1. Being free of Cβ contacts under 8 Å to residues at least 12 places away in the same chain, farther than 20 Å from Val68 by Cα and not acidic (Asp, Glu), is that true of even one residue in region 281-291?
2. Any chance region 32-49 includes a residue that's over 13 Å from the mean Cα position of the chain (by Cα), closer than 22 Å to His274 by Cβ and in a helix (DSSP H, G or I)?
3. Under 6 Å between Cβ atoms, at least 6 apart or on separate chains: pull out the pairs that start in region 131-152 with a residue that is over 17 Å from Glu192 (Cβ atoms) and end on any residue that is outside any helix (DSSP H, G or I) and more than 10 Å from the ligand (Cβ to nearest atom).
4. Name every residue in region 312-342 that is within 26 Å of the chain's Cα centre (by Cα) and not hydrophobic (A, V, I, L, M, F, W, C), in order of residue number.
5. For region 138-167, give me each residue that is in contact with a helix residue (DSSP H, G or I) (Cβ under 6 Å, 6 or more places away or on another chain) and either among the aromatic types (Phe, Trp, Tyr) or in a loop (DSSP other than H, G, I, E, B) (or both).
6. Considering every residue within region 51-64, establish whether at least one is surrounded by fewer than 18 Cβ atoms within 10 Å (Cβ to Cβ), at positive phi and out of contact with any Ser or Thr (no Cβ under 7 Å at 6 or more places or on another chain).
7. Could you check region 50-68 and list, in sequence order, the residues that are in a helix (DSSP H, G or I) and either assigned by TED's automatic domain parsing to the domain that holds Arg264 or without any contact (Cβ under 8 Å) to a residue 24 or more places away in the chain (or both)?
8. Within the set of pairs 6+ apart or on separate chains, which have a first residue in region 213-242 that is hydroxyl-bearing (Ser, Thr, Tyr), a second that is more than 8 Å from the ligand (Cβ to nearest atom), and C-beta atoms under 9 Å apart?
Amino acid sequence: MQAELLRWYDRSARALPWRRAPRDPYLTWVVETMSQQTRIDTVVVRLPGFLQRFPDVERLAAAEEGEVLAAWSGLGYYRRARALHAAARVVAHDLGGRWPSDVAGWLRLPGVGPYTAAAVAAQAFGVATIAVDGNVRRVGARLLGLPEPTDDEVRRALAERLLGRGAGSAAAEATRGLAGAADEGASARVAEALVELGATVCTPRRPRCDDCPLRRGCAAAAAGDPTRFPAPRRRARVQPLALHAWWVTRTDADGNERLGLERRPTDGLWGGLHGPPWRGEAPGDGRRLATFRHLLTHRRVEAVVWRTPTPPADAEVAWYRRDEALALGLAQIDRRALAALDEAER
Ligand code: SF4
């Protein structure tokens, strides 16, 4: 099964720029973090700029958090950027610049979850393990013919079939390159090939079983209706949230318009980013400029944009020219609010 999967991977994998051997741990970790909840074509476009600004873990660790958030601007899920920054500091300062080389070591870094830990350990260090994301969970559920397998069941079953007996266990995951260089390379490629297979062949609605290298051992394909696996997960309800943007501007001594922006607390929505104050209430003396709907994973923001002479009483605003504000890295909702301000002033 492994040989068929790797032959398919060599023939059919998308030519993504980071897929070259040997794998650099820093590059692999940044790619895996950026790829979570972000489309792969967006990662291809945004990755070079991030790496140009932070080419290695030392440079990332030495940056201010605001610089990292600015480089992440527009990618959303900013906690990923804050976690990258915090973990870079641990590697650079506490671990003396040495990367963990097993799954347990990666899991100890801030913000690194089971998928990322396994993906980096497999790809950059040849650890014999399987990284289970949504794509691999689907492939595993179908191969096994199980409607609701746990991630651990999927990881162990796939490791046993594709990496050999004992692979995927804690002992194997603590051991780098289990059986020499050839197997080390195979482990790295198997982990990535499964993600690729789930993304391009074993897709949620239209799996292309005729093109699949795992078809011979697939229980769901044999049963005739692979889309029954895995059983659909119950979606969390999307909560509506009414928010009002308070735009306050002033003109500086050089005649430049400056925007009043606050830096948000790190533990809330768009945490750590600069933007206009957003509040649950409208300003009493404001002029309404626009409304729009902004979708987040579990929230539907009904946004109202106001121009108002004074910021909210609890806001600590600082004043920025437009170019300075944009360089800070505004969240997408702030860019939309700024576009509404521009539109109203045209
Ligand atoms: S045979 Fe079909 S259902 Fe099974 S893993 Fe391949 S694409 Fe998915």
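The values are calculated or read from the model by the stated rules, or taken from the named source; none is laboratory data. Treat the numbers as computed from the prediction; the structure is a model and nothing was measured. No Cβ is skipped: glycine too gets one built from the backbone with ideal geometry, and neighbour counts run over all protein chains shown.
1. Yes, that holds for at least one residue.
2. yes
3. From region 131-152, the pairs are Ala141/Pro149; Ala141/Pro230; Pro147/Pro230; Pro147/Ala231; Glu148/Ala231; Asp151/Val132.
4. Selection gives Gly329, Gln332, Asp334, Arg335, Arg336.
5. Gly145, Pro149, Gly166, Ala167, listed by residue number.
6. no
7. Phe50, Gln52, Arg53, Arg59, Glu67, Val68
8. Note: pairs meeting the criteria are Thr227/Pro204; Thr227/Arg205; Thr227/Arg206.
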